[in-house]
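Take a look at the structure set out below.
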Amino acid sequence: MQNKNKTVVKSMDLLNLFVRHATLNLNEMVELSGMPKTSVHRMAGSLESMGLLQKDEEGNYSLGLLFLQFGQLVADRLDIRQIALPVMKKLRDEVQEAVNLIVKDGTEAMYIEKVDTPHPVRLYTKIGRRSPLYAGACSRIILAFSEREERETYLNETELKPVGAGTITDKKRLQQALQDAREEGYTISYSELENDTVAIAAPVFDHTGHLAAGLSIAGPESRLNDERIPELVRQVKGAAEEISVRLGWRKNYLDSD
């Protein structure tokens, strides 16, 4: 049984090579895996016979069509709200503040899940609420990690109107905030949607490496003070990454652009 387990692990190591490489020949698989050529040849043959790998006429291997079937089944059955909610509740319990999950809907951001703070003083949010993509941390993190052409089109076509006292209405300042968000993996807003509030957001990615949602911690300035910000940043980034991993995301998918 132990030998069979080792074979399964080595087979997975071989398949994982194709996460970063579309095609590999036998020698490349040997070099990248560090396994003996005879073992790689045997495992590649077995994986090919099961439909997990396919080989072209030149001897180059790629992932088999069976992965497309499995991948589509997994994608169809994923419910981001259901997957995210346990992580959101855990984060809420840790920080004792409201946690929101937001997705892109056209040119707006929409709240699709939330868990409230236990404190009596709380922000007004509800599932289905919409906000401009440029205003608020959770909205802006979605804009920041959208495709470049999509960002540029949005910025060219959108008039930045104030929503709260701190809404960014200068396009150069907004572009810098978006760049900072992509580089740092999070963004912070102060009074952008509601006055005297703070929100910290991080991106959630799907199994293809594309943006799936934004996750945020939000609360009044009186509680989300400067002393708490670094730890809250760490926690929201960690929770967003946990949701991403549950959606099938891998770190090497992330493109800093």
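Observations on the structure shown:
- Violating pairs (Cα-Cα greater than 21 angstrom) within the set Lys90/Lys114; Lys89/Lys237; Lys89/Lys126: none
- Put simply, when 146-156, 234-244 are sorted by average Cβ atoms within 10 angstrom per residue, most first, you get 234-244, 146-156.
- Assuming charge only on the beta carbon of Lys and Arg (+1) and of Asp and Glu (-1), the dipole of the chain about its Cα centre is about 800 debye to the nearest 20.
- Separation between Cα centres of segment 99-120 and segment 165-214, rounded to whole Å: 14 Å
- Computed [θ] at 222 nm, deg cm²/dmol, the chain (DSSP H ≥ 4; -39,500 (n - 2.57); rounded to nearest 500): -14000 deg cm²/dmol
- Shape category assigned to segment 58-207 from the gyration tensor of Cα positions, a/c cut at 1.5: oblate
- On Cα atoms only, tilt of 80-95 relative to the major axis of the chain in degrees: 60 degrees
- Peptides 206-212, 220-226, ordered by how many other C-beta atoms sit within 10 Å of their residues on average, highest first, read 206-212, 220-226.
- For peptides 25-32, 51-58, sequence by mean Cβ density within 10 Å, most packed first: 25-32, 51-58
- Rounded to the nearest 20, the size of the Cβ-charge dipole of segment 81-150 about its Cα centre is 240 debye, with Lys and Arg at +1 and Asp and Glu at -1.
- Three-way shape label, segment 79-127, alpha-carbon gyration tensor, a/c 1.5: oblate
- Comparing Ser11, Ile142, Val233 along the charge dipole axis of the chain, the residue lying farthest to the positive side is Ser11, per the Cβ-charge model.
- Label selected from [x] 1.09; [y] 0.94; [z] 0.99, the criterion being Rg/Rh (Cα atoms, Kirkwood Rh) as computed here: [x]
- Our coupling estimate for segment 192-197, obtained by passing each phi through the Karplus curve with A = 6.51, B = -1.76, C = 1.60 and θ = phi - 60°, is 8, 9, 9, 5, 6, 10 Hz, Gly and Pro reported as x.
Where a number appears in this text, it was derived from the coordinates with a stated rule and is not lab data. In this text, all values refer to a predicted model and were calculated from it rather than measured experimentally. With ideal geometry, Cβ positions are generated from the backbone for all residues, glycine too; neighbour counts draw on all protein chains shown.
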